[in-house]
Amino acid sequence: MTISASQPTQVAMRRAMVASQLRTNAVSDPRVVAAMDRVPREAFLPESVAAIAYRDTAVPLGGGRFQNVPIATGRLLTEAYLKSDDRVLLIGAAGGYTAAVLSELVASVVAVESDSALAAQARAALAEYPTVTLIEGPLEAGAPDSGPYDVLFVDGAVEQIPDAIVAQVKPGGRAVAGLADRGVTRLSAGRRTAGGFGLVDFADIECVPLPGFAAPKTFSF
């Protein structure tokens with residue numbers, strides 16, 4: 001592999017992200033911290049924004065999409081209580097970064113992305129991650145043909161999680177997601193049980209919006 005002049009700088013910024021954004025904000029699973037320390041976030045972004053890969057803000061990807069904030073992804077990874085034999089359904093693959101991090105922690109990842117340009121970038125960037133399967137299609141449809149899954153991981157904020165996606169999670173399976181409510185985003189976690197499915201908020205943190213998950217509008221008089 002050819003070493004570019006910018007790589008030492010990116011490595012230093014990645015170390016700074018881990019030290020100042022993750023460790024100080026309840027990203028307490030050492031496996032998650034180590035994985036985010038290993039995976040080069042800039043490799044999964046458009047070249048035009050690679051220099052800001054490690055800022056503690058959302059990174060624009062084009063087409064109205066954004067790479068999620070590092071702390072949001074880190075907290076979701078921590079609260080998913082991932083196990084080495086888990087099969088994970090990732091909704092909102094973007095350029096492939098979170099799929100790559102997940103692949104360092106679990107047995108397999110099925111990553112869904114609706115934006116064709118992002119899917120193409122993710123497909124190329126994930127070539128060295130054989131346990132990740134990328135599916136291009138509507139985020140809200142999930143990937144039923146590859147289920148069921150131990151974990152549902154929504155790497156962004158949605159107004160609701162459709163029943164069609166919930167049905168792809170095994171009974172007893174875990175779920176983490178960002179939830180959007182009247183302009184406020186919160187991180188949440190929960191499980192699918194025999195009696196139903198629910199998420200409980202655990203942090204008020206900026207989380208990027210994902211398309212396709214608008215809740216039905218109610219009428220008022």
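Computed from backbone phi, the HN-Hα couplings of the stretch 44-52 come to 10, 10, x, 4, 5, 10, 4, 5, 10 Hz, rounded to whole numbers (Karplus: 6.51 cos²θ - 1.76 cosθ + 1.60, θ = phi - 60°; Gly and Pro given as x). Just add up the charged neighbours of A94: K/R +1, D/E -1, any other residue whose Cβ is under 9 Å from the Cβ of A94. Once positives and negatives cancel, what remains is -2. Shown for the chain: the carbon plus sulfur share of the solvent-accessible area, taken with all protein chains present and a 1.4 angstrom probe, equals 55%.
The magnitude of the dipole of the stretch 31-166, with charges of +1 and -1 set on the Cβ of Lys/Arg and Asp/Glu and taken from the Cα centre, is near 320 debye.
Would you calculate, for the chain, the mean residue ellipticity at 222 nm contributed by helices, counting each DSSP H stretch of 4 or more residues as -39,500 (n - 2.57) and dividing by all residues, to the nearest 500? Taken over the chain, the calculation gives -6500 deg cm²/dmol. In order along the stretch 136-142, the phi-based Karplus estimate (6.51 cos²θ - 1.76 cosθ + 1.60, θ = phi - 60°) of 3J(HN,Hα) comes to 8, x, x, 4, 6, 8, x Hz; Gly and Pro are listed as x. Counting DSSP beta bridges with both partners in the chain, what percentage is antiparallel, nearest 5? Antiparallel bridges: around 45 percent, rounded to the nearest 5. Full extension of the chain segment joining V200 with T131 gains 21.9 nm, where the gain is 0.36 nm per residue of separation less the Cα-Cα distance. Solvent exposure of the stretch 131-188, expressed per residue, is 40 Å² of accessible area, with all protein chains present and a 1.4 angstrom probe. Residues of the stretch 92-124 with the amide nitrogen closer than 17 Å to a label point 7 Å from the Cα of I52, along Cα-to-Cβ, please. Only 95 fall inside the zone, counting backbone N under 17 Å. Among the trypsin sites (Lys or Arg not before Pro) in the stretch 116-221, those located in a DSSP loop and surrounded by at most 13 other Cβ atoms within 10 Å of their own Cβ are R182, K217. Sparsely packed loop sites in the stretch 82-164 (the GluC sites (Glu not before Pro) outside DSSP H, G, I, E and B with at most 13 other Cβ atoms within 10 Å) comprise E128.
In the context of the full protein assembly, Y129 retains an accessible surface of approximately 40 Å², using a probe radius of 1.4 Å and ignoring ligands and nucleic acids. Expressed as a fraction of 2.2 N^0.38 Å, the value expected for a compact globular protein of N residues, the C-alpha radius of gyration of the stretch 104-194 is 1.12. M36 sits among other residues whose Cβ lies under 15 Å from its own Cβ, and their net charge, with Lys and Arg +1 and Asp and Glu -1, is +1.
Charge tally around K170: other residues with Cβ under 9 Å, Lys/Arg +1 each, Asp/Glu -1 each, net +1.
Modelled label positions at S20 and S84, each set 7 Å beyond Cα in the direction of Cβ, lie 3.5 nm from each other.
The values are calculated or read from the model by the stated rules, or taken from the named source; none is laboratory data. Treat the numbers as computed from the prediction; the structure is a model and nothing was measured. With ideal geometry, Cβ positions are generated from the backbone for all residues, glycine too; neighbour counts draw on all protein chains shown. For the accessible areas, the whole protein counts, side chains as well, though only heavy atoms, and no ligand, DNA or RNA atoms are used. Shrake-Rupley method; radii C 1.70, N 1.55, O 1.52, S 1.80 Å.
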